[in-house]
Amino acid sequence: MKLLASYLSGAWSAGSGSRIALVNPATEAGLAEVHDGGHDLAAAVGHARAAGLAELGRLSFAERGALLAGLAKAVHGAREELIALAVGNGGNTRSDAKFDVDGATFTLSSYAQIGQALGDARFVVDGEGVQLGRTPRDQPPARLYPRFAQRSGQRQERRLPWRRRQPSTRRLSKIQRQ
């Protein structure tokens, strides 16, 4: 049976320890094996932060968007293989697997378009947010992030407002009935 490796810290790592079989949850047929340990995950996260963050920081939003568009095309190009993997490894129905793969392609394409719209900038200054979800209600919760003062040039922290969603009246009446 095939032994799977993980790509960590810029190299392939098979790991070490006992082998664990990966099985099709529907048929219980063996698919592949992995080692149960031997990966330095802290080093992998450190490598991703050091190498990955530096590389992404050099790219403009449009360049990042182009990478995402290429990834969307690659996912779409491997659609049938990915659907087969989801059915075999995850026990998904074919319809569910198609929904997941097509959803990933759409999401990557949407973020690619946002990157293209943001253009040659490498960062966005504090101000109006960029809507990433379908509606303005889908904004992320408040977070601290750097705000650059226009006159002083000093870095300041600013907490963004978070709008709490109110339960719908339909849900309120259902809660009140209990």
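The numbers here are math on the coordinates, done by the rules we state, and not lab data. Keep in mind it's a predicted model, so treat the numbers as computed, not measured. When we count neighbours, we look across all protein chains shown, and the Cβ atoms used for this are built from the backbone with ideal geometry, even at glycine.
List the number of the failed condition for A62; all other conditions in (1) hydrophobic (A, V, I, L, M, F, W, C); (2) closer than 25 Å to R122 by Cβ; (3) out of contact with any Asp or Glu (no Cβ under 8 Å at 6 or more places or on another chain) hold.
A62 satisfies all of (1) hydrophobic (A, V, I, L, M, F, W, C); (2) closer than 25 Å to R122 by Cβ; (3) out of contact with any Asp or Glu (no Cβ under 8 Å at 6 or more places or on another chain) except (3).
Restricting to segment 56-103, what's the tally of residues that are farther than 22 Å from A26 by Cβ and assigned to a helix (DSSP H, G or I)?
Final tally of qualifying residues: 20.
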